[in-house]
Each structure stands twice: as structure tokens, then as C-alpha cells.
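The values are calculated or read from the model by the stated rules, or taken from the named source; none is laboratory data. Just so it is clear, the structure is predicted and the values come from calculations on it, not from any experiment. Neighbour counts are summed over all protein chains in view; Cβ atoms, including those assigned to glycine, are modelled from backbone coordinates with ideal geometry. Quick note on the areas: whole protein, heavy atoms, side chains included, nothing else; ligands and nucleic acids left out. Shrake-Rupley method; radii C 1.70, N 1.55, O 1.52, S 1.80 Å.
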Amino acid sequence: MKSPLLALPGAVPAEGPDEGVAAHYGNIFREQRELAAGHGYVDLSHRGVVTVTGPDRLSWLHLLLTQHVSDLRPQQATEALVLSPNGHVEHALYLVDDGATVWIHVEPGTQQALIGYLESMKFWNRVEVADATDRYAVVFLPAGSTADASGAAAVRELSWGRDLFLPREALAAEVAGFGPAAGVWAYEALRIEGHRPRLGFETDHRTIPHEVDWLATAVHLQKGCYRGQETVARVHNLGRPPRRLVFLHLDGTEEKLPARGADVRVDGQDRPVGFVTSAARHHELGPIALALVKRNTPLDATLLADGVPATQDVIVPA
């Protein structure tokens, strides 16, 4: 779904998973600085939007998700995962309940698969699941923004900003007073800096929540049963996930950024210890990346990310 905001001056379309919105509007570092200062907005209207209504919506979702949502207060934002029976991450949900509806946004193009799973699990529960992507668009406002969000159908209030669910037909009019537009490249740079994992980037078909630090934000370790919980409990109790997410400070003398999926090796060794998941150029830190590496990769090792020298900051302890 192509965003009308691609018609704004300087807009350069994004490619790949973020196709449909702007990668940038001509100056990626200025856009990052504006967001970091609490100004502007990011068009995330390519993301899928799902709504769940009905009197059983929270108690029902509580049975299916990794997060404790049965007592979720209105306007309280949270994250949750859907796992496979073996505990691998299948979906990442970013949600808020407004007292009548649970509003969820997900990675572009994943909403139909999520809805298919939810529909298969309705049974006798009084719930209705709907794909609202064609009616509502997600827009991000950074922390500190004073933009008027009263036109939003729902708001997810976060420590680093706000996710707005705006009527898609009024998207251009609603964002007109939000300040300068920033593209997803700026948004991604700040996401990487914040160590926030993204489905399909920091995950593959065998990722478990422990590896990417989703235990901190999207998994409740004391709640009741859900699909994949046995794996979550076992690995948590043993304390040994197979891989761990790291933040990489990349050598700024290299002109290239490591490609997503490129090998990560310990300097001087031939065998890969992991792979790059995301990379960006940051307005203050320079080139940065996230990577998944084997748990026992030495913490003080110099790594080569697609051939680029890098030092690592620990996100998930070894």
C-alpha cells in the first residue's frame, strides 16, 4: 500500500520490507537529529493494523500471547509474541487497548497470517478479529513531541515516543501539523541504537525470545500456559540460549555498511559465529549494527561484520 506522503518534497521511496513509505526526505542525519530532539514524525503506514473487539478480547489474547494482557489497563501499551509449538517466534505484536478495542500493528504483510492464526483459535470466545490496514495507518511521534494527536483512533505511549493509529483517508491532513517528516532510515538508526529487535530482521525461523532480549519487553515469565511456553521456561531456567543479540560499533573508515544476513566472524577465524541483522549510519555514533552471534562468542573479541571491523556491546548476556 503506497503512502500518500511519498508525494512530499524530497521523498525517496524505501525498498524491501519497508516498500510503500519514504526511506528519507533528502537528509538522513538531519532527520535523525530532529527525531532525537523530539521533532517531526515517521510515516509507518506500510505496517499491518489488526483490531480485536468483543467482551472476551483480553482474556482470549492472554491465552495465546507471551504477554500478560488479561488485566491490561486502557491506554497501556505493550508488546507480545506468538510462538510456534517449539517456542520459535512467529509474530511480534505492538498493541494497546482503548477500553473497547485492542489495536495492534505488525510487520508489513504479516497481518493476514496473524489473523489466520487468531481466527483458528476463536472457538467459543466472544471476539471479532479484523484487518484494519486499509482504514488505519501507523505514524510515529518521537518522545518530547508536542504534536496534537487528538485525531488518532488510538495511541501507544512509549518511553521513546508514540505510535498513532490514524484514519488512512485523512493521513496527509493529520500529519500536516506534526513538523518535519523523517524517513524509515532515520527511524531504523534510532531503533538499532535502542537495541529494539524487529521481526524478520533480528529473527529467523529458529529464533527464540531469549536470543534477542524480548524477555524484557514482550514475554511475561509468570503467566499461565501459551503455545511455546515450555521452551521459554526451559531456556530461561537453564540460562543458555543458543545465540545472543549484540550491538556493533562498526569501523567508520569503511565506506560500506554490512549487508543484512552477512556473516559475522571473529577476527582471525574463518568460521562464521553469526550474522548481521540490521545496520545503519547514526548521526552521532557513526555506522552501527545489530547481529546475532553464538552465545559463547568472546565478549572482548574484535568481530568482522561482512568484513567490516566491529566491537560489540552486550545486549543479551553470554
Problem - Vicinal HN-Hα couplings computed from phi for segment 4-16 (Karplus, 6.51 cos²θ - 1.76 cosθ + 1.60; Hz; Gly/Pro x) - result: x, 6, 5, 7, 5, x, x, 5, 10, x, 7, 10, x
Practice task
Sum up the charges of everything whose Cβ sits under 15 Å from the Cβ of LEU114, counting Lys and Arg as +1 and Asp and Glu as -1, but leave LEU114 out.
Solution key: -2
Exercise for the section: Would you mind listing how long segment 119-198 runs along its three principal axes, going by Cα atoms, in whole Å with the largest first? Expected result: 46, 32, 20
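Kirkwood hydrodynamic radius, computed over distinct alpha-carbon pairs, for segment 270-318: how many Å, to one decimal?
Numbers: mean 1/r = 0.0862 Å⁻¹.
Here the Kirkwood hydrodynamic radius works out to 11.6 Å.
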Practice task
Quote the accessible area belonging to TRP185 in square angstrom, nearest 10, computed with a 1.4 Å probe and with ligands, DNA and RNA left uncounted.
Solution key: 140
Practice task
Hey, can you find the accessible area per residue of the chain for me, probe 1.4 Å, expressed in square angstrom?
Solution key: 43
Problem - Residue-level accessible surface for GLU193, protein heavy atoms, 1.4 Å, Å² - result: 70
Exercise for the section: Name the shape class, rounded, prolate or oblate, that the alpha-carbon gyration tensor gives for segment 135-276, where a ≥ b ≥ c are the square roots of its eigenvalues, rounded holds for a/c under 1.5, and otherwise prolate holds if a/b is larger than b/c and oblate otherwise. Expected result: oblate
Problem - Stokes-Einstein translational diffusion, the chain - Kirkwood Rh over all Cα pairs, 0.890 mPa s, 25 °C, in µm²/s - result: 120
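Count charges around GLY10 for me, please; just the other residues with Cβ under 14 Å from its Cβ, Lys/Arg as +1, Asp/Glu as -1.
On the way: positive: ARG30; negative: GLU31, GLU34, ASP43.
After counting each charged neighbour, the total is -2.
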Problem - Percent carbon-and-sulfur accessible area, segment 197-318, ignoring ligands, DNA and RNA, probe 1.4 Å - result: 48
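Output the relative contact order of segment 60-123, whole-number percent, from Cα pairs under 8 angstrom with separation of 6+ residues.
22
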Practice task
Could you pull out every residue, at least 5 positions away or on a different chain, whose amide H is within less than 5 Å of the one on GLY161? Hs are placed 1.01 Å off N in the peptide plane, and Pro or chain starts have none.
Solution key: ALA143
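Just by accessible area at a 1.4 angstrom probe, what is the order of MET121, MET1 from largest to smallest?
Details: MET121 55, MET1 120 Å².
So, going from the largest accessible area down, we get MET1, MET121.
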Exercise for the section: Measure off, as a whole percent, the carbon and sulfur share of the 1.4 Å-probe accessible area of segment 47-108, all protein chains present. Expected result: 48
Practice task
Find the Rg to Rh ratio for segment 47-183, where Rh is the Kirkwood radius over alpha-carbon pairs and Rg uses the same atoms.
Solution key: 0.97
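Leaving ligands, DNA and RNA out of it, rank PHE165, PHE201 by accessible area with a 1.4 Å probe, largest first.
On the way: PHE165 0, PHE201 30 Å².
Per-residue accessible area, sorted high to low, gives PHE201, PHE165.
Going from most exposed to least, what order do HIS283, HIS46 have by accessible area with a 1.4 Å probe?
Details: HIS283 45, HIS46 20 Å².
Listed by decreasing accessible area, they come as HIS283, HIS46.
Just add up the charged neighbours of VAL96: K/R +1, D/E -1, any other residue whose Cβ is under 11 Å from the Cβ of VAL96. List each step's numbers first, then the result.
Details: positive: ARG73, ARG156, ARG162; negative: GLU79, ASP97, ASP98, GLU157, ASP163.
Net charge around VAL96: -2.
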Problem - Under Karplus coefficients 6.51, -1.76 and 1.60, residue-wise ³J(HN,Hα) of segment 292-301 in Hz, glycine/proline x - result: 9, 10, 4, 4, 8, 4, x, 5, 9, 6
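Using helices alone, I'd like the mean residue ellipticity at 222 nm for the chain: each DSSP H run of four-plus residues gives -39500 (n - 2.57), total over residue count, nearest 500. List each step's numbers first, then the result.
On the way: 6 runs with 52 residues, N = 318.
Calculated from helices alone, the mean residue ellipticity at 222 nm is -4500 deg cm²/dmol.
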Practice task
Would you give the gap between the C-alpha center of segment 143-186 and the C-alpha center of segment 33-56, rounded to a whole Å?
Solution key: 7
